[in-house]
1. For residues in the range 202-216 being open to solvent by 40 Å² or more (accessible area, probe 1.4 Å) and in contact (Cβ under 8 Å) with a residue 12 or more places away in the chain, which is farthest from Phe21 (Cα to Cα)?
2. Residue check, Ala155 against (1) within 30 Å of Arg82 (Cα to Cα); (2) buried (at least 16 other Cβ atoms within 10 Å of the Cβ), all met but one. Which one?
3. Say we look at the range 309-329 and pick out the residues that are open to solvent by 50 Å² or more (accessible area, probe 1.4 Å) and at pLDDT 90 or above; which of these is farthest from Val452 (Cα to Cα)?
4. What do you reckon, is Glu405 assigned to a loop (DSSP other than H, G, I, E, B), open to solvent by 40 Å² or more (accessible area, probe 1.4 Å) and out of contact with any Leu (no Cβ under 8 Å at 6 or more places or on another chain)?
5. Against the condition closer than 22 Å to Arg55 by Cα, of a type outside the set (Ser, Thr, Tyr), free of Cβ contacts under 8 Å to residues at least 60 places away in the same chain and open to solvent by less than 50 Å² (accessible area, probe 1.4 Å), how does Val135 come out, does it pass?
6. Modelled with pLDDT under 90, of a type in the set (Gly, Ala, Ser), over 23 Å from Gly351 (Cα atoms) and open to solvent by less than 30 Å² (accessible area, probe 1.4 Å): which single residue out of Ala396, Ala413 fits that description?
7. So, Gly434, is that one part of a loop (DSSP other than H, G, I, E, B), at pLDDT 80 or above, surrounded by 20 or more Cβ atoms within 10 Å (Cβ to Cβ) and not aliphatic (A, V, I, L, M) or not?
8. Scanning the range 268-279 for residues that are open to solvent by 80 Å² or more (accessible area, probe 1.4 Å) and either modelled with pLDDT of 70 or more or part of a helix (DSSP H, G or I) (or both), which turns out nearest to Leu257 (Cα to Cα)?
Amino acid sequence: MTHNRLRSVSLRNRVGLLAAFGVGIIVVLISLAAYITVRVSLLDQVDANLLDRARAAAAGPLAEQGVLARVPSEALGAADIRIALLNANDRYISASDHDGNPIAPPLGAPERAVARGDVPESVRTAAMGGQSYRVVAVPAGRGEGWALVLGQSRAGTEDLLSRLGFVLFLVGAGGVAAAAYAGVAVARTGLRPVERLTAGAEHVARTGELRPIPVQGEDELARLAHAFNSMLSALAAARARERRLIADAGHELRTPLTSLRTNLDLLAQSEGRPGLSQEDRLALLADVRAQMAELSVLVGDLVELSREDPPATAHAPVELADVVAGAAERVRRRAPAVRFDVETQPWTVFGDSQALERAVTNLLDNAAKWSPPNATVTVRLRGGVLTVADQGPGIAEADAPHVFERFYRSTEARTMPGSGLGLAIVKQAADRHGGTVSVGRSQHGGTLMTLVLPGMNAPAQAPPPPTAHTPPPVDQPRRTR
């Protein structure tokens, strides 16, 4: 119950209460130590003073029995002192008041022990007549068997200690109140950035507007605000990518769907009616199948790129040379007018074989698409560095930084088949396998794609980007045409 109530208190008040509690404990301990120190010191001083006065009286005329009996009681009462001579037989002599009543101090066993000579002196606190006395006893007289007993009321000392305790209590209470106020003020000032951060988060949750908050200083709270702003920037970028992906996907899907619907409408209208030859009908059906295949590839690419995390696939050692050879064979069948010059060296990669095969196939498809008839696509794999060089027109410098973005298509590529997702899938596969992919220009002026993948036991070597006319290596790599 207490824990729940504490959690319901605001952080500012909790910090203030914690500061007040901490300072209050310190103030109480200091006040208690000061009170105890002053009390012990004052009582020791009173005892030392009484002993000195008792020794002085024992050495003077008051130690004479006849003299002490004639001392006026007013003189003793004015000093709040009681004095008596006590012998070992429990007989004492002291002054008397006006009524003849003795005004002796409290007498007991400690004082008799001093009179007998058992102890040199005694000091104790004793009560008499409803008052507390500090009583000392020292040997007295010229002979043995007597002790001079001196008693002083503790009323003045106790009153002084009471006033000191009250003052220390007021100081402690004032210190606790000041600490609570200072704690709340410090908490208010220190937690102001947290309040701005909270207001910013609430504004984002309420409006969806990813507006960063102003940051001042370089302390931990400023770092937290910077991290919050970085999170907002990342969220804004992710939202922008999502919107762009949806817009681009809608645009790319609209074209094949429209064409597919047109062809299906033509087939439906020609059903049972003359005017559409069998050859035209077969051509329409082939066009529909091609559009369905293109649509399936596009949807698959969209699903692949929409994943922020890699799919749950089993990673295993993959021989990259076999992946390159298989991809080259498939692309040859799709692009018979282009020759592929492939040289590979063994390189084992730990990863997803399907993702790597798709990435290599996309690189080769891209090179074949941009190569003119009877051109040669040069493929080299050396030390984990795969290069694909074509003899096409190459990529303009303005387009080079964007070729690996989703749905990006240069002005020249918009009239050609494709969705602009192939190279984005290549970059995604490279990132998930700890590699890199880059674009450059070959010696023939065409495009040079470089995919670098780390091996299982060694990082990928990164020599200067090879070109289409790189000489074959010395260790007789595998070569296919």
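The values are calculated or read from the model by the stated rules, or taken from the named source; none is laboratory data. Just so it is clear, the structure is predicted and the values come from calculations on it, not from any experiment. When we count neighbours, we look across all protein chains shown, and the Cβ atoms used for this are built from the backbone with ideal geometry, even at glycine. What goes into the accessible areas is simple: the full protein's heavy atoms, side chains included, and nothing from ligands, DNA or RNA. Shrake-Rupley method; radii C 1.70, N 1.55, O 1.52, S 1.80 Å.
1. This residue is Arg211.
2. (2)
3. Glu329
4. Values: assigned to a loop (DSSP other than H, G, I, E, B): yes; open to solvent by 40 Å² or more (accessible area, probe 1.4 Å): yes; out of contact with any Leu (no Cβ under 8 Å at 6 or more places or on another chain): yes.
Yes.
5. Yes, satisfied.
6. Exactly one of Ala396, Ala413 is modelled with pLDDT under 90, of a type in the set (Gly, Ala, Ser), over 23 Å from Gly351 (Cα atoms) and open to solvent by less than 30 Å² (accessible area, probe 1.4 Å), namely Ala413.
7. So Gly434 does not fit the description; no.
8. Gln269
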